[in-house]
Amino acid sequence: MGKNAPEDIELPALPDETPESKLRVFTFEQLKTAAFNFRSDMLLGKGGFGSVYKGLLKEKLFKGYTRKRRIAVKKLDSDSKQGLRQWQVISYL
């Protein structure tokens with residue numbers, strides 16, 4: 001992530017897969033924390049739907065080890081005129 005990501009922030013953990021699928025569900029607060037409160041220096045780009053931010057999640061590995069996983073978080077702009085169906089994207093982690 002470079003020098004933009006603070007080292008002392010507590011990263012949210014990558015949730016377990018749901019029993020029905022391999023998709024993972026995040027709360028807004030988890031994504032906000034992972035994207036460092038949507039800080040401007042974490043912005044990757046903007047589009048018709050809103051902004052995309054870089055972020056980090058803590059991923060559990062074997063025997064209690066963890067690693068930081070880079071993610072991109074798309075934040076819908078409330079003024080966007082584009083439809084929700086067009087905005088939704090399935091991501092497989």
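A short reminder: the numbers here are calculations on the coordinates, not readings from a lab. Just so it is clear, the model here is predicted, and its values are computed rather than measured. Because the Cβ atoms are built from the backbone with ideal geometry, glycine has one as well, and the counts that use them run over all protein chains shown.
Using amide H atoms built in the peptide plane, which far-off residues or other-chain residues are under 5 Å from SER51 H to H?
Amide H neighbours of SER51, under 5 Å, 5+ apart: LYS75, ASP77.
What number comes out for the charge environment of SER51, summing +1 per Lys or Arg and -1 per Asp or Glu over other residues with Cβ under 15 Å away?
+3
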